[in-house]
Amino acid sequence: MMLHTLFPFSKYPVLSVLVCMILWCILQGNASASLSIEDEKKLGKEFYEKLQKENLLLPGERANAYITLLGKHVLSHSEQAPFDFHFSIIRSSAINAFATPGGYVYINQGLINLVESEAELASVIAHEIAHVNGRHIAEIVDKQTKLSISTLAAILAGAFLGGSGDASAAVASFSLAAATTLSLKYSRDHEESADRAGLSYLVDSGYPGRSMLDFMKIMKRYEFYSNTIPSYFLTHPGTDERIHYIDSLLQTTIAPGGKAEIIGNLKRIQVILLLDTKKPDVNLPFFQKKLKEHPADPDFLYGLAVTQERAGMTPEAFESFRKALALTPDDPDILRDLGIALYKQGKFDEAARNLRRAVTLREDDRDSSLHLGKTLVAQEKMTDALRLYKNLEAKHPADPDIQYPLAVIYGKTGQTGDSHYYFGLYFKKMGKADSSLFHFKAALKHHPPDHPRAVEIKKEIETIEKDRRHRPQTHRPGPG
């Protein structure tokens, strides 16, 4: 088969040379490959860091905390491989999930929004954990010629991300040997092994085994109605065979029973993902349609309220917030976002009341605390605001969203040295060396030379100046 039939260079012309070079290396290699546990950890870490750099991982704390909690629950009922597992959400609407060596499991936001129960999502995670525990990628690589960790990371990108429209552009950043991705497809034995082990993990975790079969049927239904093959089918081939195989296990070896929900709040997470990734003009008709079907659903009312507020429909938003709170008066998400909406309208007393309640109900909600701090500053309650931000700093050190308001508060209360210090930290975090140096040097004048803060500031100044000395200088031609 010709190379151009394996990979459409017309779509990625800049990769053609890279592909040919890497293919040449593969064809020339003659040493047998063996991926050790340490190699798998390095490969998984490099792939993860690349996704972070390319902004492909969804940053939302709430959704990621949910996926991690669900993943660890299933993991605790598996025969865990010697890896520190990580569970992340891919910023893509494509229907996909995959795992890379080293214990890294990825779920696309599109798949999370497609599942109809927590148990179905748990079945996907269980299947991916089984691939990691079975070291299936390492087994495939063992049959190939020896490749570098970076090249393997590139090949994984092509195999798992290449079919995701939202992520395709970022795939090129891996210097991808995309023509080799066909060799990384799971075999029938791998899929059956992952289904068998994953089904066992799922049931042992307390979920009904049938949820794995239900998810596969949803995927087939999605394919039928959309005329689009979900990415999950491309990376996990043989779906019809898997459906029959899973069904046979359910009929013969898996006991019935289990709960559809153990962690809870999947629907709220799905709403949060929509709010994080879709524009108001897309979400507005979606939530309106859902509320016609379920008029007293607090999750959909919450989603509609936030969407209306973002679309500038302020009176309608407050009405939707009111209806949602009437159904669930102690909902920290609704209280927080109502408080934020009230803050934007200059209604600081009402905003503070709702935000304080949200922080009380969920102390680890950083956003609630940050907006409560802004509200306290607007109310000129500087002592309360300073106390709140210092508590936040202890939990989230080096967070620029905390450093900046601390600088402002110290400035407003006449504590000039501390104000300059936090401005220095903030601008350093923002990559603005000149501004950072200015504030650190100004802060130094307000502290005795042997003061611990002065010692710390001197170290910061030395670090910045050292980085500047070692940074390559851009040549600037002289006048004329």
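Estimated at 0.36 nm per residue, the fully extended path between SER36 and ARG322 surpasses their Cα-Cα distance by 97.3 nm. Counting only residues at least eight positions apart within a chain, or on another chain, the aspartates and glutamates with an alpha carbon under 17 Å from that of LYS292 are GLU316, GLU319.
Using 0.36 nm times the number of residues separating ARG469 and LYS220, minus their current alpha carbon distance, what extension gain do you get? Please list the in-between numbers first.
Details: separation 249, 0.36 × 249 = 89.64 nm, distance 5.85 nm.
So the chain would gain 83.8 nm between ARG469 and LYS220.
Grab the eigenvalues of the alpha-carbon gyration tensor for region 293-406, scale each by 5, take roots, and send me the semi-axes largest first in whole angstrom. The partial results should precede the final answer.
Numbers: eigenvalues 143, 42, 28 Å².
So the equivalent ellipsoid measures 27, 14, 12 Å along its semi-axes.
Computed on region 359-453, the Cα convex hull volume stands at 97 Å³ per residue. Taking GluC sites (Glu not before Pro) across region 345-388, the ones in a DSSP loop with at most 15 further Cβ atoms lying within 10 angstrom of their Cβ are GLU363, GLU380. Protein-only accessible surface at a 1.4 angstrom probe places the residues ARG357, ARG471, ARG188 in the order ARG188, ARG471, ARG357, largest first.
Starting from 0.36 nm per residue, how many nanometres of slack lie between VAL455 and GLU261 once their C-alpha separation is accounted for?
64.5 nm
Our coupling estimate for region 193-207, obtained by passing each phi through the Karplus curve with A = 6.51, B = -1.76, C = 1.60 and θ = phi - 60°, is 5, 5, 5, 5, 5, x, 5, 5, 4, 4, 5, 5, 7, x, 9 Hz, Gly and Pro reported as x.
A straight Cα-to-Cα reach below 19 Å connects LYS278 with the aspartates and glutamates GLU61, ASP166, ASP299, GLU309, ASP333, ASP337, residues fewer than 8 places away in its own chain not being considered.
Give the distance, in whole Å, between the Cα centre of region 404-424 and the Cα centre of region 75-97. The distance from the Cα centre of region 404-424 to that of region 75-97 comes to 42 Å. 3J(HN,Hα) along region 261-272: 9, 10, 6, x, 6, 4, 4, 5, 5, 4, 5, 4 Hz, from the Karplus curve 6.51 cos²θ - 1.76 cosθ + 1.60 with θ = phi - 60°, whole Hz, x for Gly and Pro.
The values are calculated or read from the model by the stated rules, or taken from the named source; none is laboratory data. This structure is a prediction, so every number in the text was calculated from the model and none was measured. Methodologically, a virtual Cβ is constructed for each residue, glycine included, from the backbone with ideal geometry; neighbour enumeration extends over all protein chains shown. Just the protein is used for accessible areas: all its heavy atoms, side chains included, with ligands, DNA and RNA removed. Shrake-Rupley method; radii C 1.70, N 1.55, O 1.52, S 1.80 Å.
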